[in-house]
Amino acid sequence: MTGYVIRRLGQAVLILFGISLVTFVLLYLVPADPARQIAGRSATAETVENIRNQLGLNLPFYEQYWRYLQALLRGDLGRSYLQKTEVSALIASRLPASLLLMAGAIACELAIGLAMGMLAAVRRGSFLDNSLMIAAFVGVSAPQFVIGILLLYVFAVQLGWFPIGGYGTFHHLVLPSLTLGLLGSGWYARMMRSSMLDVLRQDYIRTAHAKGLRGRKVLFRHALPNAILPIIAMIGIDIGMFMSGIVVVESVFGWPGIGQLAWQAIQRIDIPIIMGVTLVSACAIVLGNLLADLVAPLIDPRIKLR
Amino acid sequence: MRKALMAGVALAALLAAGGGTYAQDEKQGGSMIVTYKDDVSTLDPAIGYDWQNWSMIKSLFDGLMDYEPGTSTLTHDLAESHTISEDGLTYTFVLRKGVKFHNGREMTAEDVKYSLDRVTNPATQSPGAGFFGSIKGVDKMADGSATSLEGVTVVDPYTIKIELSRPDATFLHVMAINFSSIVPKEAVEEFGADFGKHPVGTGAFKLAEWTLGQRLVFARNQDYWKAGLPKLDQITFEVGQEPTVALLRLQNGEADIPGDGIPPAQFLQVREDPQFKDLIIEGGQLQTGYITLNVKTPPFDKVEVRRAVNMAINKERIVRVINGRALVANQPLPPSMPGYAPDYKGYAYDPEGAKALLAEAGLADGFTTELYVYNTDPNPRIAQAIQQDLAAIGITAEIKALAQANVIEAGGNGSAPMIWSGGMAWIADFPDPSNFYGPILGCAGAEEGGWNWAKYCNEELDAKATEADSIVDPARQAEREQMWRDIYLAVMEDAPWVPVFNEQRFTMRSERLGGPDAIFVDPVHVPVNYDYVFAKDVQ
């Protein structure tokens, strides 16, 4: 087990290295000049050249990357080109909000997805089953900015149950979590349905029924715990999906997380911030996957970690 | 020094007349909430150059000069008076006494010198460094051979002398832009690169709280040197809020001003809502939206083709595309800019005439080209309207909708034959006609990377522009204005641009806020002159 974890962490470092290289190459190739962004529209050619020199943007690619890597190994993500603030400070100030949003989204997708999947499995083939699965399909495919704005309009503007965007209280958390969670819940609903159907076909369920247990008891005591486990193991993988979702959801709801930070940096080609957020997200995804793999054998002893 | 050249006299008269209009007896107190979409990157006056931080910086800092609230009329600010030497090369400013920085120290001429040295020092990486080109010694700062401006001298603690290397009629405007704000050396040195997050100025408000990515709180500067100002005790800026969401919050009573204005998509709806239509404020801005035609790229190297395109564009229809939120333009300058030619008719919409001109240029069958455009609404829709107009005279334009930085890059390196400037250019930095020429129509801007995307370079006009800007004498300003008018009309003869419209700004304020409409759409303190907004609920 320990050996496995160490090996996986070693792989993670390699993956992060690869991601940093690819991102750096892509940003290097973007047909826009960060020095000009900093210098502003009334700058002379000399000013632009000066800034390029100061930031090392005139160096050959491998040297720029090597410099970045060296700083990175010292834990230094650099300073934002336009804000001049340390990237680590910017990310640290926004990470809690993103983590909170993700936690809320996980709660939402589990609650909604599992309930939908279970209902559909129990009423298999019925009208309810069909409509739930169609709803799940819509949930998976609907763009998050549409869902977000729709939820805002109905629950915040028309009904006034929740605040219109912003951050701070539990009330603020509900709609963005729901928006981010809906995508996953559609996914979970379908998985839960098939997992539940598998379990319901098992012999021990028939035995439980034969013993004369009531339907509800069979469902919650015998079927549910077994059906739910493989799904719980997937949560780690969700984190990767959330990472792309938060960029949109945070923008719609004015949620002060790293997705919003990334989006604003991309528009201004603020390379240190883009690199920093990419690496932090990559870390989260790698760790999420590792977590999912570590949890799997605890749930299903047939899985062995090697 | 000639007394007749005391430009201060005229300004002082204006100050006396205009000052009373605003600093009335509304009680101080109360607060407001302003929302913005984008985060505030910095509050360092030498660095900040964004929509959302522009007037925040103006409220935290002061410069030697400023403008009458809600107007583009120059007035003294930290300078009490100034004199200009006869040759127009030496400006001497007498500073106001007893003005204190937020840290309690008195502002002196040393601070003025330090601030100008700092903004022109390449290590500061100020996007405004280019505005100070006329100060003697700027070239030595730029190449690193000096760390202090040769032309700026502290005469005594309350007098500063600035020598120029060439007469510069825009110099007082330059002293009024954010980049010339006075900063205290000790605070800049204490916070270093983080000064932008810990701003210390002499302004009406001071920064009380900043939660990154969420909220900034400005508190009233109790020691502010302008009596009775600012009106509010506190302003809260909430960032990261989409304009659509901001508007909903305002309608719900959760916010007071949508800093990014009323979003185009909601415009008609709000305007027809009886509850809110009276809270809408409309104002002009020093902006022109135009299509650049790259004069170095065939077939736009032929003036007939450029004139034909000018005649082909149905500008009224484009204004309708954006729900009438603009006025049709026919020349580079916006109407409220000195030097605008009100009698000029421009190129009338005439597709048949345009076709005839194309035929004259040997392009009766039209041609294929590319139109670059910034990819946020409403710009792609405007580009489609342009595309249709061009198709009507046989020109096939492929639309390239890209991120802002990519369009700017393509414009700068000359690879874009046509660009629709919307969302990027051009809003004036200061209310002077020269600001619409140098960077976007002059030869200097036509160099690689410059903002003159038409790559238009007319040396004769450049010489005339230099001549106009050397007229410093306030008594000859009408003459200078006329020269600029002639320059822009000559530009239109060469037709490197199709001026399309001058955007109007539409914003809102909640019922509980008071103050003249003009300060909510201030042409210089963009977007809002916060210092003069008052709260009705404390009156």
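No lab work stands behind these numbers, since they all come straight from the coordinates. In this text, all values refer to a predicted model and were calculated from it rather than measured experimentally. Using ideal geometry, Cβ is built from the backbone for each residue, glycine included, and neighbour counts are taken over all protein chains shown.
Sequence neighbours fewer than 8 away in the same chain don't count; with that in mind, list the aspartates and glutamates whose C-alpha is under 19 Å from B:Lys400.
The reachable aspartates and glutamates, counting only those whose Cα sits under 19 Å from B:Lys400, are A:Asp33, B:Glu370, B:Asp377, B:Asp389, B:Glu409.
Rounding to the nearest 10 and keeping the result within 0 to 90°, find how far the Cα-based axis of helix A:170-200 lies from the longest principal axis of chain A.
The answer is roughly 50 degrees.
Picking from A:Ile269, A:Ala296, A:Ser244, whose Cα lies most toward the positive end of the charge dipole for the stretch A:232-306 (charges on Cβ: Lys, Arg +1; Asp, Glu -1)?
Selected residue: A:Ala296.
How compact and how long is the stretch A:2-73, expressed as Rg and Dmax of its alpha-carbon atoms in Å?
17.0, 58
Put +1 on the Cβ of every Lys and Arg and -1 on every Asp and Glu Cβ in chain B; which of B:Gln251, B:Gln52, B:Ala401 then has its Cα farthest towards the positive end of the dipole?
My answer, from the dipole projection, is B:Gln251.
Report, in debye and to the nearest 20, how large the dipole of chain A comes out about its Cα centre when Lys and Arg carry +1 and Asp and Glu carry -1 on their Cβ.
It comes to approximately 1220 debye.
Anyone know which of A:Arg216, A:Arg79, A:Arg123 comes out most mobile in the 10 Å Cα GNM of chain A?
Among A:Arg216, A:Arg79, A:Arg123, the largest GNM mean-square fluctuation belongs to A:Arg216.
What residue among A:Leu180, A:Ala136, A:Ala282 has its Cα farthest toward the positive end of the dipole of the stretch A:87-299, where the charges are +1 on Lys, Arg and -1 on Asp, Glu, each on the Cβ?
A:Ala136
Please list, in order along the stretch B:273-279, the HN-Hα scalar couplings obtained from phi with the Karplus expression 6.51 cos²θ - 1.76 cosθ + 1.60 (θ = phi - 60°), rounded to whole Hz, x for Gly and Pro.
Along the stretch B:273-279, the couplings run 7, x, 6, 10, 4, 7, 8 Hz.
Under a 5 Å amide H to amide H cut-off, with H placed in plane at 1.01 Å, what residues pair with B:Glu80 once short-range neighbours are removed?
Close amide H contacts, sequence-distant or interchain: B:Val94, B:Leu95, B:Arg96.
Tell me, for the protein assembly as shown, which Cys residues have no other cysteine's C-beta sitting closer than 4.7 Å.
A:Cys108, A:Cys283
Please report, in debye to the nearest 20, how large the charge dipole of the protein assembly as shown is about its Cα centre when each Lys and Arg carries +1 at its beta carbon and each Asp and Glu carries -1 there.
That gives a dipole near 4380 debye.
Given B:Lys226/B:Lys536; B:Lys277/B:Lys315; B:Lys27/B:Lys197; B:Lys136/B:Lys185; A:Lys84/B:Lys37, which pairs have Cα atoms separated by over 29 Å?
B:Lys27/B:Lys197
Quick check on chain B: of the DSSP beta bridges with both residues there, what percent are antiparallel, nearest 5%?
Here the share of antiparallel DSSP bridges comes out near 75 percent.
If you count, for every residue in B:445-458, the Cβ atoms of partner chains within 10 Å of its Cβ, what is the mean?
Mean partner-chain Cβ count within 10 Å for B:445-458: 2.
Give me the lysines in straight-line cross-link reach of B:Lys455: C-alpha distance below 17 Å, same-chain residues under 8 apart excluded.
B:Lys296, B:Lys302
For a footprinting-style exposure proxy, rank A:Val248, A:Val146 by other Cβ within 10 Å, fewest first.
So the residues, fewest neighbours to most, are A:Val146, A:Val248.
May I have the convex hull volume per residue, in Å³, for the Cα set of chain A?
166
So what's the angle, to the nearest 10 degrees on a 0 to 90 scale, between helix A:127-141 and the longest Cα principal axis of chain A?
10
May I ask for the Kirkwood hydrodynamic radius of the stretch A:151-293, worked out over all distinct Cα pairs and given in angstroms to one decimal?
So the Kirkwood estimate lands at 18.1 Å.
Please list, ordered by chain and number, the residues whose modelled amide H lies under 5 Å from the amide H of B:Ala326; skip anything fewer than 5 residues away on the same chain.
B:Gln504
Mind checking the mean number of beta-carbon atoms from other chains within 10 Å of the Cβ atoms in B:402-414?
4
Per the Debye formula with a single identical scatterer at each Cα and no solvent contribution, what log10 I(q)/I(0) holds for the protein assembly as shown at q = 0.05, 0.08, 0.10 Å⁻¹?
Calculated log10 I(q)/I(0) at the listed q: -0.33, -0.79, -1.17.
What does the charge dipole of the stretch B:97-255 about its Cα centre add up to, to the nearest 20 debye, if the Cβ of each Lys and Arg holds +1 and the Cβ of each Asp and Glu holds -1?
360
Output wanted: per-residue J couplings in Hz (rounded whole) for the stretch B:191-208, from phi through Karplus 6.51 cos²θ - 1.76 cosθ + 1.60, θ = phi - 60°, x for Gly and Pro.
Listing the rounded values in order: 9, x, 5, 8, 4, x, 9, 10, x, 10, x, 10, x, 5, 10, 10, 6, 9 Hz.
Could you work out the local net charge near B:Cys457, counting Lys and Arg as +1, Asp and Glu as -1, over the other residues with Cβ closer than 12 Å to its Cβ?
-3
Between B:Ala265 and B:Asp377, 0.36 nm times their residue separation minus their Cα-Cα distance comes to what?
In short, 39.4 nm is gained.
Which value, in Å³ per residue, describes the convex hull spanned by the Cα atoms of chain B?
Taking only Cα atoms, chain B has a hull volume of 142 Å³ per residue.
Within 10 Å of each Cβ in peptide B:232-242, how many partner chain Cβ atoms are there on average? Round it to a whole number, please.
So the per-residue partner count for this stretch is 4.
Per DSSP H run of at least 4 residues, take -39500 (n - 2.57); add these up for the protein assembly as shown, divide by its residues and hand me the 222 nm value, nearest 500 deg cm²/dmol.
Here the helix-only value at 222 nm equals -14500 deg cm²/dmol.
If you count the DSSP beta bridges with both ends in the protein assembly as shown, what percent of them are antiparallel, to the nearest 5?
75
Extending each Cα 7 Å along its Cβ direction at B:Glu447 and A:Val154, get the distance between those two points in nm, one decimal.
With each label placed 7 Å out from Cα toward Cβ, I get 5.9 nm.
Going by how many other beta carbons lie within 10 Å of each one, how would you line up B:Phe267, B:Phe132, fewest first?
Least crowded to most crowded, the residues run B:Phe267, B:Phe132.
Pick from A:Leu69, A:Leu182, A:Leu213: which residue has the top mean-square fluctuation in a GNM of chain A where Cα pairs under 10 Å get a spring?
The residue with the greatest mean-square fluctuation here is A:Leu213.
Tell me the angle of helix A:45-55 to the major Cα principal axis of chain A, expressed in degrees between 0 and 90 and rounded to the nearest ten.
60
To make sure I understand, if each residue's beta carbon is the centre and we count other beta carbons within 10 Å, what order do A:Glu86, B:Glu460 fall in, fewest to most?
The fewest-first ordering by Cβ neighbours comes to B:Glu460, A:Glu86.
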